[in-house]
Amino acid sequence: MKLHELTAYELGERLASGEVSAVEVTEAHFARIDEVEPKVAAFLALTREEALEQARQVDDRRSAGEDPGPLAGVPIAIKDVLCTRGVQTTCGSKMLEGFRPPYDATAVRRCRDAGMPMVGKTNMDEFAMGSSTENSAYQITRNPWDLGRVPGGSSGGSAAAVAAGQAPLALGSDTGGSIRQPASLCGLSGLKPTYGRVSRYGLIAYASSLDQAGPFARDVRDCALLMSVLAGRDQRDATSADVPVPDYVAGLTGDVSGLRAGVPRELMGEGIDPQVKATIEAAVAELEGLGMAVEEVGMPNVDFSLPVYYLIATAEAASNVARFDGVRYGHRTEQPVEDVYDLFAKSRGEGFGPEVRLRIMLGTFALSAGYYDAYYLKAQKVRTLIKNDFDAAFAKHDVLLCPTSPTVAFGIGEKADDPLQMKLADICTIPVNLAGIPALSIPCGMADGMPVGLQIMGRPFAEDLIMRVGDAYQQATTWHTMRAEL
């Protein structure tokens, strides 16, 4: 196999044995980027010189007899929502065009410390607001499985980069499904960690109570390797949890016998494409055959997840993006202005795209005087009911199983003029963010010639358990070994 076709784990083994150098691995991935990037458009910026210098440093450390770690020399792509010191970070928005942060996000720094060359920054829906990566201010990223379809969003660039072989690993962020949904649509393994498991320092905020950074990979073992780098307390993030980090890779035993799985009926009913549902049912039966006990479970409040999410997320977004005012950094209008308020209005009107402006207005309305109790506060109360549903389900079950996305990847432009249908793309993933729990998407079959993802949800900080289940499934099946043919 060519180097760009190998998993991160396989690359790590070859690097450790001296079969290949980190420079050779990095150059192979840039050669792949040069070959397919014009078709896929996954990247907003490439960092070739920086990546090769990082690779040379890894090779020098190995030559000196040092063991730099299992991922040292394995390239990684970074979603453009994570701050990278000295490298343009735009969030897919004209508002931050040319912004070069003076610091690294903690997740990025930990990858650097692990010796992982950063090949570039990936495209995304503007400020992570979208489910197709069509909301980027710069370009539309295409799904490597079918260039006429979307890769999902908002982390579509990261998903497409891994699916196209441009990087074996990538970082994304997940506010309502933005790692898991693109992982599903692109045939990858993608993990949304427990809220607080991975530091949010340097992750430019969309909705602060929902955002989490996490990995994209070709299989669960690679997710476990990258999670071992990312997870853990960070004193720079007040919401970072001080919870011990297990050995995720050692936990991949392949044994799921005796585990109890629940299938929420509310996430397997109306709105789920029949082919997707049949594929998920076959995957659940496969796990049952591996020794898991499976039964249906009721979670009635989950049906309210979509309106709850779009009240809470837009309210928090309106507050968070208020910092982008054209004064200290980011886009500043060149039009004549009458006063500071006119400066704000013109700069923000020019800098933000239509979807971001829409969500700012929705969130501002939900927080306005006279409406706060009726909308935002009520949404937070229903959010508690949704979390209670998960708590009750996990009292009887070790994991919950459902589709990641109700459909396979849809055509570019197909839902662009139908905001409700676009938002319904996240009906299976949003409840997880509201509850703050971890969830993993893994490829489990094909429908309409496109990948289908199975979502495995777990109790807070049970990433090791859901990855054990996902890895056991992958040891028994071959869906994760399929590659998009560009």
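The values are calculated or read from the model by the stated rules, or taken from the named source; none is laboratory data. Just so you know, these numbers come straight off a predicted model, no measurement behind them. Heads up, the Cβs are rebuilt from the backbone with ideal geometry, glycines too, and the neighbour counts pull from every protein chain shown.
Things to note:
- Looking only at the range 63-83, and only at residues there that are farther than 23 Å from residue 7 by Cβ and among the charged types (D, E, K, R), the one that is farthest from the chain's Cα centre (by Cα): 66
- Looking only at the range 262-277, residues that are free of Cβ contacts under 8 Å to residues at least 60 places away in the same chain and not in a loop (DSSP other than H, G, I, E, B) come to 3 in all.
- Apart from one condition, residue 468 fits all of (1) basic (Lys, Arg); (2) surrounded by fewer than 22 Cβ atoms within 10 Å (Cβ to Cβ); (3) touching a Ser or Thr at 6+ places or on another chain (Cβ under 8 Å); the exception is (2).
- Restricting the range 255-306 to residues that are small (Gly, Ala, Ser) and in contact with a Pro (Cβ under 6 Å, 6 or more places away or on another chain) leaves a set whose member that is nearest to residue 184 (Cα to Cα) is 271.
- Any hit, the range 245-261, residues being of a type in the set (S, T, N, Q), closer than 22 Å to residue 217 by Cα and outside any helix (DSSP H, G or I): yes
- Single unsatisfied condition, residue 218 versus (1) surrounded by 23 or more Cβ atoms within 10 Å (Cβ to Cβ); (2) of a type in the set (D, E, K, R); (3) farther than 26 Å from residue 450 by Cβ: (3)
- From 50, 37, 10, residue being touching a residue at least 60 places away in the same chain (Cβ under 8 Å), under 27 Å from residue 198 (Cα atoms), part of a helix (DSSP H, G or I) and of a type in the set (D, E, K, R): 50
- Subset of the range 439-460 (residues that are more than 12 Å from residue 394 (Cβ to Cβ) and surrounded by fewer than 24 Cβ atoms within 10 Å (Cβ to Cβ)): 445, 446, 447, 448, 449, 450
- Hey, residue 399 free of Cβ contacts under 8 Å to residues at least 12 places away in the same chain and either crowded, with 16+ Cβ neighbours inside 10 Å or of a type in the set (Val, Ile, Thr) (or both) or not: no
- Looking across the range 123-139, the residues that are surrounded by 24 or more Cβ atoms within 10 Å (Cβ to Cβ), out of contact with any Leu (no Cβ under 7 Å at 6 or more places or on another chain) and either more than 27 Å from residue 405 (Cβ to Cβ) or not aliphatic (A, V, I, L, M) (or both) come down to 125, 126, 127, 130, 131, 132, 133, 135, 136.
Matching residues to (1) within 18 Å of residue 174 (Cα to Cα); (2) modelled with pLDDT under 95; (3) in contact with a strand residue (DSSP E or B) (Cβ under 7 Å, 6 or more places away or on another chain):
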residue: 398; (1), (2), (3): no, no, yes
residue: 406; (1), (2), (3): yes, no, no
residue: 412; (1), (2), (3): no, no, yes
residue: 417; (1), (2), (3): no, yes, no
residue: 422; (1), (2), (3): yes, yes, no
residue: 440; (1), (2), (3): yes, no, yes
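- Yes/no for residue 325 being free of Cβ contacts under 8 Å to residues at least 24 places away in the same chain and surrounded by 17 or more Cβ atoms within 10 Å (Cβ to Cβ): yes
- Taken over the range 13-28, the criterion of being in a helix (DSSP H, G or I), without any contact (Cβ under 8 Å) to a residue 12 or more places away in the chain and among the acidic types (Asp, Glu) is satisfied by 13 alone.
- Single condition residue 333 does not satisfy, out of (1) assigned to a helix (DSSP H, G or I); (2) in contact (Cβ under 8 Å) with a residue 12 or more places away in the chain; (3) in contact with a Gly (Cβ under 8 Å, 6 or more places away or on another chain); (4) farther than 22 Å from residue 431 by Cα: (1)
- For the range 34-70, the set of residues classified as hydroxyl-bearing (Ser, Thr, Tyr) and touching a Lys or Arg at 6+ places or on another chain (Cβ under 8 Å) consists of 47 only.
- Inside the range 282-302, residues that are surrounded by 16 or more Cβ atoms within 10 Å (Cβ to Cβ) and part of a helix (DSSP H, G or I) make up a count of 6.
- Looking at 79, 94, just one residue is within 16 Å of residue 156 (Cα to Cα) and in contact (Cβ under 8 Å) with a residue 40 or more places away in the chain, and that residue is 79.
- Number of the condition not met by residue 350 [criteria: (1) without any contact (Cβ under 8 Å) to a residue 12 or more places away in the chain; (2) surrounded by 15 or more Cβ atoms within 10 Å (Cβ to Cβ); (3) part of a helix (DSSP H, G or I)]: (1)
- Taken as a whole, the structure leaves residue 58 outside the set of residues that are surrounded by fewer than 24 Cβ atoms within 10 Å (Cβ to Cβ) and not small (Gly, Ala, Ser).
- For the residues 194, 141, the requirement of being in contact with a Lys or Arg (Cβ under 9 Å, 6 or more places away or on another chain) and either in a loop (DSSP other than H, G, I, E, B) or over 16 Å from residue 124 (Cβ atoms) (or both) singles out 194.
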